[in-house]
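What follows is a set of notes on a single structure, which appears directly below.
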Amino acid sequence: MKRKVLLWLSLALMMASLYLVFIYVPTEKEMGIIQRIFYLMVPMGWLALLAFLIVFIGSILYLVKRTSKWDTLAYCSAEIGIVFTTLTLITGSIWAKPVWGVWWTWDEPRLTSTLILWFIYLAYLIVRSFAIEESRGAVFAAIVGIVGFVDLPIVALATTLWRGMHPGPLIFQGGLAPSMLLTLLVSISAFTSLYILLLIQRVSMKNDEMELSTLKRLSS
Amino acid sequence: MENASYLLAAYTIVWAVVFGYILLLFNRQQSQQREINSLKKTLQGKKEA
Amino acid sequence: MNFWSKVLTIAWKDALSEIRTREIIFSVLVFTLLVIVIFNFAFSANQQMIELVAPGILWVTFAFAGVLSLNRSFIMEKEQACLDGLMMCPVSREVIYVGKMLASLLFMLVIEAIALPGFAFLFNLAVLSPQLIAITVSTTIGFVAVGTLFSALAVNTKAREMVLPILFFPITVPIIISAVQASKLALAGEPWTKLSPWLQIIGTFDIIFLAVSFLVFAFIIEE
């Protein structure tokens, strides 16, 4: 029931955001039409962080309570999170090419911080699969989730300060017109609703996977 | 207007990836459900036997 | 026995084992000096170029050396089942963490104390300033704070040594950036005030991750 509601909500918000992005919002003066990527990139980046926040919370709760549902939550959020982090990097790169002429720049702190986040997600997933038993893998991954999340503000600080030494391209100058703010907020809500839907779906699938392996053991 | 192709590429990629992922999840869940149901039937059969 | 005497006992055990075998310090030291030399060839040096790349070379070298030395310290424990032995002693897990960390810190500082003058010699740079020493010590503390935690984790996985870099490098990126920038300023003779934002980042990192690792370490080595 919840899922159906969420599905229709996401669909409606997505439609609304597409309308706003392509028809409603005026074209930005300096960058032209490419600036509309902004309404895609910011939600992606936001989701990359939100998903890791859930990984962090799930990891802490798992270490404290040791019930597998928290580990499941953390893992599923990490899987979805790395997908969105990858998309953040891709959209950021597609933005960079026409605007600055390069596919990548180290000068934009949000882009480099996202790259580090991507590696932290990767470390989380790798540690799980390289553990000797599954339960240890869950504990190890939880540790990576906690340490990684705590590291993020420091990464952001260091990369921002570093950028201060090489002033260069910056993703966004100046303020937001109200129409742009509206478009941005609707886009963020649409993608957040999508994230929640995906998370619920993936968690139920993970539970199915565990039920499946139990059944397999019982029937053999 | 040449930049429009970049804009299109970005939206296309994001949507393709998101939908691809959703499709992947959906297919996997279908096959998992089928397996679960068949295993449950087998276990039922064993219990009755 | 109180906390610190237990810690020092563990640290001293590692130090003693190292003094006898000289495994870690010797091999990592040779590695460090070689890497510095190879980097020198990679960048075909005129003096200007050297001044540009020297801080980066220094810290990449120390980061790699750090990973090597951290790996060694826990692998030996695992191979000779010393870890199980340690855990049977009536010491809290946190004591093991601090003890191992201090031992690794000692090894790395010894290596750096030898490598830095070598670096000064090869690159004609004044590396023995108090600023550079402060940067080196504080960054190394950050390395071992996180590295001890991750190294204990890594030896309990299938791929062992390979896992440590995957964990270590993304997390320590901020202090590597800070160390490189601060070293660049220090080598150029800038005053402490200019270095301070970077040193603050390193210091914050150290405090936060000493605390987090201290709290979380027990989860790694319990059975």
Legend entry - Alpha carbon Rg of chain B, scaled by the compact-globule rule 2.2 N^0.38 Å: 2.20
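How would B:31, A:193 rank on accessible area, largest to smallest, probe 1.4 Å?
Values: B:31 50, A:193 10 Å².
Largest accessible area first, the residues go B:31, A:193.
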Inset, instruction - For region C:3-221, build the convex hull from the C-alpha positions and give me its volume per residue in Å³. - result: 116
Inset, instruction - Mean Kyte-Doolittle of at least -1.0 plus a Cα span of 27 Å or more along the axis: flag which DSSP H helices in chain A meet both, please. - result: A:38-65, A:68-100, A:109-130, A:134-165, A:178-219
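Using helices alone, I'd like the mean residue ellipticity at 222 nm for chain C: each DSSP H run of four-plus residues gives -39500 (n - 2.57), total over residue count, nearest 500. Before the final figure, lay out each step's value.
Values: 8 runs with 190 residues, N = 223.
It comes out at -30000 deg cm²/dmol, rounded to the nearest 500.
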Legend entry - Total formal charge among the other residues, if their Cβ is under 14 angstrom from that of residue A:134, Lys/Arg +1 and Asp/Glu -1: +3
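Which FRET efficiency value, to the nearest 0.05, do you get for residue C:193 and residue B:49 by plugging their Cβ-Cβ distance into 1/(1 + (r/R0)^6) with R0 = 60 Å? Present the calculation step by step, with values, prior to reporting the outcome.
Details: r = 83 Å, r/R0 = 1.39.
For residue C:193 and residue B:49, the calculated efficiency is 0.10.
What helices does chain C hold that run 27 Å or longer along their axis, going by alpha-carbon atoms, with a Kyte-Doolittle average of 1.0 or more, using DSSP H for the helix calls? Walk me through the numbers before you get to the answer.
Details: long enough: C:3-21 (28 Å, 0.16); C:23-42 (28 Å, 2.53); C:47-79 (47 Å, 0.72); C:93-123 (43 Å, 1.65); C:130-154 (34 Å, 1.60); C:163-187 (34 Å, 1.87); C:192-221 (41 Å, 1.68).
Helix filter hits for chain C: C:23-42, C:93-123, C:130-154, C:163-187, C:192-221.
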Legend entry - Placed amide H near residue C:190: partners under 5 Å, 5+ positions off or other chain: none
Legend entry - Local electrostatic count at residue C:20 - Lys and Arg +1, Asp and Glu -1, tallied over other residues with Cβ under 15 Å: 0
Inset, instruction - Pick out which of C:107, C:41, C:62 has the largest mean-square fluctuation in a Gaussian network model of chain C, springs linking Cα atoms closer than 10 Å. - result: C:41
Inset, instruction - Considering only A:102, A:155, A:55, give the residue with the highest GNM mean-square fluctuation for chain A, with springs between Cα atoms whenever their separation is below 10 Å. - result: A:102
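Given that compact globular proteins tend to follow 2.2 N^0.38 Å, what is the ratio of the alpha-carbon Rg of the protein assembly as shown to that value?
On the way: Rg = 25.7 Å, N = 492, 2.2 N^0.38 = 23.2 Å.
The protein assembly as shown yields a ratio of 1.11.
Can you figure out the FRET efficiency of residue A:86 with residue C:207, using R₀ = 30 Å and their beta-carbon distance, to the nearest 0.05? Numbers along the way, then the final one.
On the way: r = 33 Å, r/R0 = 1.09.
Given R0 = 30 Å and the Cβ-Cβ separation, E is 0.35.
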Inset, instruction - Would you mind computing, in nm to one decimal, how far apart the modelled labels at residue A:100 and residue C:60 are, each placed 7 Å from Cα along Cα→Cβ? - result: 2.1
Legend entry - FRET efficiency estimate (nearest 0.05) - Cβ-Cβ, residue A:213 to residue C:218, R0 25 angstrom: 0.30
Inset, instruction - Determine the share of the protein assembly as shown's accessible area contributed by carbon and sulfur atoms, expressed in whole percent, with a 1.4 angstrom probe. - result: 70
Legend entry - Accessible surface buried upon A-C contact (total; probe 1.4 Å; Å², nearest 100): 2700
Legend entry - In nm, spacing of pseudo-spin labels at residue A:133 and residue B:42 (7 Å Cα→C-beta vector): 2.6
Legend entry - Accessible area buried at the A-B interface, both sides summed, 1.4 Å probe (Å², nearest 100): 3000
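Rounded to whole Å and sorted largest first, what semi-axes of the equivalent ellipsoid does the C-alpha gyration tensor of chain A yield via the square root of 5 times each eigenvalue? Walk me through the numbers before you get to the answer.
Details: eigenvalues 244, 107, 33 Å².
Semi-axes (√(5λ), whole Å): 35, 23, 13.
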Legend entry - Inter-label distance for residue C:49 and residue B:31, nm, one decimal - labels placed 7 Å from Cα along Cα-to-Cβ: 5.4
Inset, instruction - Pop out the ³J(HN,Hα) list for region B:35-49 in order, Karplus 6.51 cos²θ - 1.76 cosθ + 1.60 with θ = phi - 60°, rounded to Hz; leave Gly and Pro as x. - result: 5, 4, 4, 5, 5, 4, 4, 4, 5, 4, x, 5, 5, 6, 7
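The values are calculated or read from the model by the stated rules, or taken from the named source; none is laboratory data. Given the structure is predicted, the values throughout are model-derived calculations rather than measurements. Heads up, the Cβs are rebuilt from the backbone with ideal geometry, glycines too, and the neighbour counts pull from every protein chain shown. When the accessible area is computed, the model is the full protein with side chains, heavy atoms only, and any ligands, DNA or RNA have been set aside. Shrake-Rupley method; radii C 1.70, N 1.55, O 1.52, S 1.80 Å.
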